[in-house]
1. Residues in the range 151-160 that are under 18 Å from Val201 (Cβ atoms) and free of Cβ contacts under 8 Å to residues at least 24 places away in the same chain: how many?
2. Output the residues belonging to the range 172-196 that are under 19 Å from Ser155 (Cβ atoms), open to solvent by 20 Å² or more (accessible area, probe 1.4 Å) and assigned to a helix (DSSP H, G or I).
3. Within the range 88-146, restricting attention to residues that are in contact with a Gly (Cβ under 8 Å, 6 or more places away or on another chain) and acidic (Asp, Glu), which residue is modelled with the highest pLDDT?
4. Criterion first (closer than 30 Å to Val57 by Cβ, aliphatic (A, V, I, L, M) and not in a strand (DSSP E or B)) does Leu212 satisfy it?
5. May I ask you to say which residue of Arg71, Arg84 is free of Cβ contacts under 8 Å to residues at least 60 places away in the same chain, over 22 Å from Leu35 (Cβ atoms) and either open to solvent by 10 Å² or more (accessible area, probe 1.4 Å) or assigned to a strand (DSSP E or B) (or both)?
6. Go through the residues of the range 130-138 one by one and say whether even a single one is surrounded by fewer than 19 Cβ atoms within 10 Å (Cβ to Cβ) and more than 13 Å from the chain's Cα centre (by Cα).
7. For residues that are open to solvent by 60 Å² or more (accessible area, probe 1.4 Å) and either of a type in the set (A, V, I, L, M, F, W, C) or under 16 Å from Glu74 (Cβ atoms) (or both), tally how many sit in the range 13-26.
Amino acid sequence: MLASTRGIVFHTLPYSDTTVISRIYTEAYGLRSYLVNAAHSRRSASKARLLQPLSLVELVAYEKENRGLQRIREIRTEVHYINREDIRRSSILLFLDEVLCQVIREEEKNPLLFEFLHSSLQILDVLPGNPSNFHLSFLLQLSKYLGFFPHGNYSEFCPWFDLKAGEFVPEEPAHPLHLDPAAGKILGNFLFMDYGGCCEVALSGEQRRAVLHGIISYYGTHVEGFPSLKSVQVLEEVLGELA
């Protein structure tokens, strides 16, 4: 059956001399693995560009039930990123792609999650000013769709964020999985800000690093098998130099 859908490219690997396998999160079917023709030709470079991580595409594919690899008939860019060459935004995209590859595993559609990802990626592309806090806000908002959005509010009476419980508590937890009041306050404020508001908050590299590592630990606590992320160091180096 031929079917059309929008999709978000997650990861692409070589399969043969003429094809690649691309993992694409689709609006209609959820996460899918597709065989994509990538024969050496003048069109190969163009196809490689549209299969970059977190590219927004439209595709027509031969969909068959109970088949691990589907085959794409047509694929094209749906939304062209205008700031893909910006090193901060491209580094954030690579980091978010690594996270999404680890936390989205189900092969079933989720329209609300797809729309969140689709709109957020476009916001990152056109967001004015410095986007260096975008990924912090994104990860917090993504946790809503994964089922572990933080509970409660930061306050002077509940300043510690317990990563295991996923909530703000009045006293320092007895275990090491928590954020101190300084990082907890930033996280608490970000929970109720949009992307633009979060990116207007001035953070030092040390503050951003503390919050990011706290959120990564939070994901590690609530997502089974969540690994060490390879792109974190590069992201922090880029944002630290250009903040």
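1. Residues in the range 151-160 being under 18 Å from Val201 (Cβ atoms) and free of Cβ contacts under 8 Å to residues at least 24 places away in the same chain: 0 in total.
2. Pro181, Ala182, Lys185, Ile186, Asn189
3. Selected residue: Glu108.
4. It is true that Leu212 is closer than 30 Å to Val57 by Cβ, aliphatic (A, V, I, L, M) and not in a strand (DSSP E or B).
5. After applying the criteria, what remains is Arg84.
6. Looking through the range 130-138, at least one residue is surrounded by fewer than 19 Cβ atoms within 10 Å (Cβ to Cβ) and more than 13 Å from the chain's Cα centre (by Cα).
7. Adding up the residues that qualify gives 1.
Condition check ((1) open to solvent by 50 Å² or more (accessible area, probe 1.4 Å); (2) within 26 Å of Ser204 (Cβ to Cβ); (3) touching a residue at least 40 places away in the same chain (Cβ under 8 Å)) across all residues:
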{"position": "Ile92", "(1), (2), (3)": "no, yes, yes"}
{"position": "Phe95", "(1), (2), (3)": "no, yes, yes"}
{"position": "Leu100", "(1), (2), (3)": "no, no, yes"}
{"position": "Glu107", "(1), (2), (3)": "yes, no, yes"}
{"position": "Asn110", "(1), (2), (3)": "yes, no, yes"}
{"position": "Leu117", "(1), (2), (3)": "no, no, yes"}
{"position": "Leu140", "(1), (2), (3)": "no, yes, yes"}
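The values are calculated or read from the model by the stated rules, or taken from the named source; none is laboratory data. Just so you know, these numbers come straight off a predicted model, no measurement behind them. No Cβ is skipped: glycine too gets one built from the backbone with ideal geometry, and neighbour counts run over all protein chains shown. Only protein heavy atoms, including side chains, enter the accessible area calculation; ligands, DNA and RNA are left aside. Shrake-Rupley method; radii C 1.70, N 1.55, O 1.52, S 1.80 Å.
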